[in-house]
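First up is the structure itself, then whatever we jot down about it.
The values are calculated or read from the model by the stated rules, or taken from the named source; none is laboratory data. For clarity, every value in this text was computed on a predicted model and none was experimentally measured. All Cβ positions, even for glycine, are placed from backbone atoms using ideal geometry, and neighbour counts span all protein chains on display.
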Amino acid sequence: MGNLSVLVISHLVAALYVVAIGPVQILRPRRDRVHRIMGYLWISAMYYVCLSSFWIVSEGHFTWLHALSAFTLVTVTLGLVVAIKGNIGAHRGNMIGSYIGTLIAFGFAVGVPSRSIPRLLSADPGTGIFVALLVALSIGAVYVSLIRGSRSRFMARSRAPRRRAEVPANCTHG
């Protein structure tokens, strides 16, 4: 399980990012710079999860999870394209649908004892807990730094002295 372990672990870490970032992106009321940056991170992790799944095969053949991965590659790409075009409703639908599909796949991938991830985690549960905490902390750190960065830029703009309109030299007030 040597090389497969590295692949399965990296796949699991990326899937944890997708699962953890999703609800915050969906439920966060502001659709600002933080949303866009975290969205690009989410999309990157989602692409990795989907693409890496094609090298994780159970008993030498593809399963319905691989079909879901192919479908998700399409829906995530469509979600990105329609967001860039400004169709936020279609963007939201594609991304929420992709997220729900990921939750279903994640539940199946970690819930069926014969799959690679449960076997890997049962062999070393401490590492699984450590990785999950590391993922959660790193996502929290990214959000905090992005939100603080946005607030500090806002505060700098609001504290900046307002420029007064210059009056031309040849203008008389009378």
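Residues in region 65-100 that are assigned to a helix (DSSP H, G or I), small (Gly, Ala, Ser) and surrounded by fewer than 18 Cβ atoms within 10 Å (Cβ to Cβ) were compared, and the one that is nearest to the chain's Cα centre (by Cα) is Gly97. Checking the stated criteria, Ile37 turns out not to satisfy the condition of being aliphatic (A, V, I, L, M), free of Cβ contacts under 8 Å to residues at least 40 places away in the same chain, touching a Leu at 6+ places or on another chain (Cβ under 7 Å) and in a helix (DSSP H, G or I). Put simply, of Tyr40, Tyr17 the only residue that is hydroxyl-bearing (Ser, Thr, Tyr), under 19 Å from Leu134 (Cα atoms) and modelled with pLDDT of 85 or more is Tyr17. Residues of region 86-120 that are aliphatic (A, V, I, L, M), more than 16 Å from Ile56 (Cα to Cα) and free of Cβ contacts under 8 Å to residues at least 24 places away in the same chain: Ala90, Ile100. Only residues that are under 15 Å from Arg28 (Cβ atoms), surrounded by 13 or more Cβ atoms within 10 Å (Cβ to Cβ) and of a type in the set (A, V, I, L, M, F, W, C) were counted across region 125-151, and they come to 4. Out of curiosity, is Ile37 out of contact with any Cys (no Cβ under 6 Å at 6 or more places or on another chain) and buried (at least 18 other Cβ atoms within 10 Å of the Cβ)? So Ile37 fails the test.
Condition first: more than 19 Å from the chain's Cα centre (by Cα) and not in a helix (DSSP H, G or I). Can you find one or more residues in region 18-33 that meet it? No, because not a single residue in region 18-33 is more than 19 Å from the chain's Cα centre (by Cα) and not in a helix (DSSP H, G or I).
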